[in-house]
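The structure appears right after this line, and notes come after that.
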Amino acid sequence: MKILITGGAGLVARHLSAILERETVIAATRDMLDVTDIDSAISFFREIKPDAVFHLAAFTDVDGCEEKPGCAFLVNGLGTRNIAIAAADSGAFFVYVSTDFVFDGLKKEPYRESDRTEPISVYGTSKLSGEYFTRNISRKWLIVRTSRVFGKGGRNFGSRLPLAIKQQKKLQLTEDLFNCPTYAADLAQALKTLCKNGAEGTIHFANYGWCNWYEFGLHICKQFGVPANIIESVKSSDMRLKARRPAFSALDTSLFSSIVRVPRPWQEALNEYLREVNSV
């Protein structure tokens, strides 16, 4: 089976490539495949002839998307449309990774796949447009929504936070934004398993449970034996963030659990990552 991964240099893509060792994997970086160029995308797919594509290329800087909405929709919206067209043209199974930020965060319990989407940021809206193109262009498709991804080599806040705490840097962490931490290695395995099982439609995946950023930081402090007073609990309104975040965007993963298995708790997954960080 030949598998194409867009955004091949990214965190999840690297984990996914590593566990697809028995398959022919093409991890396409931005230099290899410009997702915003439809002609280039179609030509690339016709040359590669993939059986499946994991579309991971995205503009994921939430505040950056707010500052550059044109770029956000070019990459997350139009780029997804282009890859979906190319995948349909070549007959490839299309897997699109989306986000909990497609929800408004007003619900008091975890969001199900069938819940109404109502993004409150440019990032969430642009990713939702990618979902629209996935559903309406692809012949065979799977949308996997996930949340707060962290892992080795990640450049996002969740990935870098453990090292900052290990170095005992003073930090402010929000207490009013709740979602599900997701280990990149677990997400990659979930994507592989869902594809192997022929899953279609929209499915939520994240590690089990939810927390705010302050609780996430406290767990790291405890595991590293670092004094908890190095982190300060603050409101998101105090952070002067450019983009609004959903207050509660935990994902209900019961559908994934019924197909595969119950995801392991975020604490267990985070502990595995912290052992990697601690060995550096």
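The values are calculated or read from the model by the stated rules, or taken from the named source; none is laboratory data. What you see is a predicted model, and the numbers here were worked out from it, not measured in a lab. Methodologically, a virtual Cβ is constructed for each residue, glycine included, from the backbone with ideal geometry; neighbour enumeration extends over all protein chains shown.
Quick check: is even one residue across the stretch 153-175 within 21 Å of Leu20 (Cα to Cα) and under 16 Å from the mean Cα position of the chain (by Cα)?
So the first thing to find is which residues in the stretch 153-175 are within 21 Å of Leu20 (Cα to Cα), and the list is 153-154.
If we keep only those that are under 16 Å from the mean Cα position of the chain (by Cα) too, we end up with 153-154.
The answer is yes, given that some residue of the stretch 153-175 is within 21 Å of Leu20 (Cα to Cα) and under 16 Å from the mean Cα position of the chain (by Cα).
Being of a type in the set (Val, Ile, Thr) and assigned to a helix (DSSP H, G or I) is the filter; apply it to the stretch 222-280 and report the residue that is modelled with the lowest pLDDT. Reasoning before the result, please.
Step one: of the stretch 222-280, the residues of a type in the set (Val, Ile, Thr) are 226, 230-231, 234, 253, 259-260, 262, 277, 280.
From the residues that got through so far, the ones that are assigned to a helix (DSSP H, G or I) too are 230, 259, 277.
Working: Ile230: 96, Ile259: 95, Val277: 90.
Among those residues, the one meeting the criterion is Val277.
Any idea which residue in the stretch 83-93 is farthest from Ser121 (Cα to Cα), counting only those that are of a type outside the set (Gly, Ala, Ser) and surrounded by fewer than 24 Cβ atoms within 10 Å (Cβ to Cβ)? First the steps, then the outcome.
As a first pass, look at the stretch 83-93 and keep what is of a type outside the set (Gly, Ala, Ser): 83, 85, 89, 93.
Cutting the leftovers down to surrounded by fewer than 24 Cβ atoms within 10 Å (Cβ to Cβ) gives us 85, 89, 93.
On the way: Ile85: 26, Asp89: 32, Phe93: 29 Å.
Taking the candidates together, the pick is Asp89.
When only residues in the stretch 193-231 that are touching an Asp or Glu at 6+ places or on another chain (Cβ under 9 Å) and small (Gly, Ala, Ser) count, which is surrounded by the fewest Cβ atoms within 10 Å (Cβ to Cβ)?
Per the stated criteria, the residue is Gly201.
In this structure, is Ala243 in contact with a Ser or Thr (Cβ under 6 Å, 6 or more places away or on another chain) and surrounded by 13 or more Cβ atoms within 10 Å (Cβ to Cβ)?
Details: in contact with a Ser or Thr (Cβ under 6 Å, 6 or more places away or on another chain): yes; surrounded by 13 or more Cβ atoms within 10 Å (Cβ to Cβ): yes.
In short, yes.
Let me confirm something: among Asp63, Asp100, which residue is touching a strand residue (DSSP E or B) at 6+ places or on another chain (Cβ under 9 Å) and of a type in the set (D, E, K, R)? Working first, answer last.
On the way: Asp63 fails: touching a strand residue (DSSP E or B) at 6+ places or on another chain (Cβ under 9 Å).
Testing whether each residue is touching a strand residue (DSSP E or B) at 6+ places or on another chain (Cβ under 9 Å) and of a type in the set (D, E, K, R) leaves just Asp100.
So the check is Cβ under 7 Å with 6+ separation or different chains; which pairs have a first residue in the stretch 261-280 that's under 16 Å from Gly217 (Cβ atoms) and a second one that's among the aliphatic types (A, V, I, L, M)?
Close Cβ pairs (under 7 Å, with a partner that is among the aliphatic types (A, V, I, L, M)) amount to Leu274/Ile220; Val277/Leu163.
Return only the number of the condition from (1) under 24 Å from Lys140 (Cβ atoms); (2) part of a loop (DSSP other than H, G, I, E, B); (3) not β-branched (Val, Ile, Thr) that Cys195 does not satisfy.
So Cys195 meets the others, but not (2).
Tell me yes or no: at least one residue of the stretch 54-69 is over 26 Å from Leu255 (Cβ atoms), aromatic (Phe, Trp, Tyr) and out of contact with any Asp or Glu (no Cβ under 9 Å at 6 or more places or on another chain). Steps first, please.
Start the filter on the stretch 54-69 by keeping residues that are over 26 Å from Leu255 (Cβ atoms), which leaves 59, 61, 63-69.
Next, from what is left, pick out any that are aromatic (Phe, Trp, Tyr): 59.
Cutting the leftovers down to out of contact with any Asp or Glu (no Cβ under 9 Å at 6 or more places or on another chain) gives us 59.
Checking the stretch 54-69: at least one residue is over 26 Å from Leu255 (Cβ atoms), aromatic (Phe, Trp, Tyr) and out of contact with any Asp or Glu (no Cβ under 9 Å at 6 or more places or on another chain).
Return the total of residues in the stretch 161-192 being part of a loop (DSSP other than H, G, I, E, B), hydrophobic (A, V, I, L, M, F, W, C) and surrounded by 22 or more Cβ atoms within 10 Å (Cβ to Cβ).
Pass one, the stretch 161-192, residues part of a loop (DSSP other than H, G, I, E, B): 167-170, 175-177, 180-181.
In the following step, the residues that additionally are hydrophobic (A, V, I, L, M, F, W, C) were identified as 177, 180.
Remaining after also requiring surrounded by 22 or more Cβ atoms within 10 Å (Cβ to Cβ): 180.
Number of matching residues: 1.
Could you pull out the residue among Gly91, Gly124, Gly105, Gly79 that is of a type outside the set (Val, Ile, Thr) and within 16 Å of the chain's Cα centre (by Cα)? Even if it seems obvious, please write down each step before you answer.
Numbers: Gly91 fails: within 16 Å of the chain's Cα centre (by Cα); Gly105 fails: within 16 Å of the chain's Cα centre (by Cα); Gly79 fails: within 16 Å of the chain's Cα centre (by Cα).
Exactly one residue qualifies, and that residue is Gly124.
Hey, can you tell me all the residues within the stretch 46-65 that are buried (at least 22 other Cβ atoms within 10 Å of the Cβ), hydrophobic (A, V, I, L, M, F, W, C) and under 22 Å from Ala188 (Cβ atoms)?
Scanning the stretch 46-65 gives Val53, Phe54, Leu56, Ala57, Ala58.
Of everything in the stretch 215-260, what is in contact (Cβ under 8 Å) with a residue 12 or more places away in the chain and among the basic types (Lys, Arg)? Give them in sequence order.
Correct list: Lys235, Lys242, Arg244, Arg245.
Tell me which residues, restricted to the stretch 120-160, are closer than 30 Å to Ser279 by Cβ, of a type in the set (Ser, Thr, Tyr) and assigned to a loop (DSSP other than H, G, I, E, B). Talk me through it step by step, then tell me what you get.
Let us first name the residues in the stretch 120-160 that are closer than 30 Å to Ser279 by Cβ, namely 144, 146-160.
Okay, now just the ones that are also of a type in the set (Ser, Thr, Tyr), so 146-147, 159.
Scanning the stretch 120-160 gives a single hit, Ser147.
Identify, please: which residue in the stretch 102-131 is under 21 Å from Leu16 (Cβ atoms) and either touching an Asp or Glu at 6+ places or on another chain (Cβ under 9 Å) or of a type outside the set (Gly, Ala, Ser) (or both) and is, among those, surrounded by the most Cβ atoms within 10 Å (Cβ to Cβ)?
Taking the stretch 102-131 and keeping what is under 21 Å from Leu16 (Cβ atoms), we get 127, 130-131.
Checking the rest, the ones that are also either touching an Asp or Glu at 6+ places or on another chain (Cβ under 9 Å) or of a type outside the set (Gly, Ala, Ser) (or both) come to 127, 131.
Numbers: Lys127: 28, Glu131: 21.
Per the criteria, the residue is Lys127.
What's the total number of residues in the stretch 190-214 that are without any contact (Cβ under 8 Å) to a residue 40 or more places away in the chain and either closer than 27 Å to Glu21 by Cα or over 20 Å from the mean Cα position of the chain (by Cα) (or both)? Write out each step before concluding.
Residues of the stretch 190-214 without any contact (Cβ under 8 Å) to a residue 40 or more places away in the chain: 196, 198, 212.
This time we only want the ones that are either closer than 27 Å to Glu21 by Cα or over 20 Å from the mean Cα position of the chain (by Cα) (or both), so: 196, 198.
Residues flagged as without any contact (Cβ under 8 Å) to a residue 40 or more places away in the chain and either closer than 27 Å to Glu21 by Cα or over 20 Å from the mean Cα position of the chain (by Cα) (or both) within the stretch 190-214 amount to 2.
In the stretch 154-208, what residues are under 27 Å from Arg135 (Cβ atoms) and of a type in the set (A, V, I, L, M)?
If the condition is that a residue be under 27 Å from Arg135 (Cβ atoms) and of a type in the set (A, V, I, L, M), then Ala184, Leu187, Ala188, Ala190, Leu191, Leu194, Ala199, Ile203, Ala206 are the ones that fit.
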